[in-house]
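One structure is given here, and the rest of the page talks about it.
The values are calculated or read from the model by the stated rules, or taken from the named source; none is laboratory data. As the structure is a computational prediction, the values presented were derived from the model and not from experiment. Methodologically, a virtual Cβ is constructed for each residue, glycine included, from the backbone with ideal geometry; neighbour enumeration extends over all protein chains shown.
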Amino acid sequence: MIYSDTMTKHVSKVLVGIVLVLVALVLVIMSPLYGSASAQGFWEKAVPETQAEIELSYAPLVKQVSPAVVNIYTKKTVQRRLSMRERMYGRQQGGSDSRSVQNSLGSGVIMGQDGVIVTNNHVIEGADEIIIVLADRREYPAELILADERTDLAVLRIDTYGAPLPKLGYADTRGVEVGDLVLAVGNPFGVGQTVTTGIISATARTDVGVSDYAFFLQTDAAVNPGNSGGALVNTRGDLVGINTAIFSRSGRSNGIGFAIPSEMVKRVVAAAVNEGTNVLRGGSEQIINARLAPPPGASEAERILLDGRHPFAGVEVVELSPRLAEEIGYSDSFASGVLVTRMSRRAYRMRIVQPRDIITSIDGQSIETIEDLNRALDRDPGRWDIEIERNGRKISGSVTI
């Protein structure tokens, strides 16, 4: 009897296991069908069911941001070279003045209710007069607060005599991703304020050729001449970037536009408005006095021609700095060491280093400055253990003189 009960229980367990396996197999077989039907239903076109769905539009967003985008008109007096005929007959005809006035057009963005406006430096560069025209057609003369050629940004200010102004907030562009929806607002070709839409096509674009800072947002929103300095905004109405350049052989939009990210815009505007007095330490504001000086390697005076009884006699060197690394196209902008810039015939005969090499170590001592290099070479041991970096590759060896 005990044996029979045991067998019955064992058979029951086996049957339950078989049933579970069969159910699992059926689910596995059927799941693609259900998934396909579900996906098909998700992507299936449908007729809008409500008035709200029919009237989906960017119009509310445009109404929100467009008042903060302005037109910028500039006047610049230029000296024109006279033709031979003008030089010969100009005075008799009263045309001896070779100066002429050039007008240009761009866009800008109001970033402060007190009249702070940001645009591109190339929009206002060299201008004798800058006029701001608001979206409601009010006009104001503008004062130039800051012009930064390297970032291609300029900060202006207008005095509205207490009248409030619309402004845009800054988007956090550290979270911007390819595919994000954006709108470009500006005044292309002087036709009036225009809005185009697109997506972020790429981030951290380099070698655009407008600014020597290598981070741009790329968008396929149509951007044309006159859009420079205008706003690139997200669907929340926050500033993603300042439209700066287009990639085009014809001068017209080919769907490749570039914008300076708002994180950079924010810092430049803050520096201009606060006049650099802009320090918070330990939760309290402090004023710090700083002495300004050019970065190492920025001038020819800091390039040193080495001489003496050592392997680098006749080698011209300079301390490597972020700016210098950027200028020469070095891969690591924060690399330290002493850069070889030029060599005399004497140095070439030694064949130890070559231009663009970085001297990183001598006799086990790290070389970061020219002072470090001179200190290491002044000992004259007759034999030097040298380490250099060439095209990203470490090279080491010993030299005896």
Inset, instruction - Go through the stretch 309-334 residue by residue and tally those that are at pLDDT 75 or above and within 19 Å of GLU387 (Cβ to Cβ). - result: 9
Legend entry - Failed item, numbered, when GLY126 is tested on (1) in a loop (DSSP other than H, G, I, E, B); (2) over 21 Å from PRO60 (Cα atoms); (3) not assigned by TED's automatic domain parsing to the domain that holds ILE72; (4) not charged (D, E, K, R): (3)
Legend entry - the stretch 362-382 - residue that is surrounded by fewer than 19 Cβ atoms within 10 Å (Cβ to Cβ) and part of a strand (DSSP E or B) and, of those, nearest to the chain's Cα centre (by Cα): SER366
Inset, instruction - Scan the stretch 383-400 for residues that are hydroxyl-bearing (Ser, Thr, Tyr) and either surrounded by 15 or more Cβ atoms within 10 Å (Cβ to Cβ) or in contact (Cβ under 8 Å) with a residue 40 or more places away in the chain (or both) and report the count. - result: 0
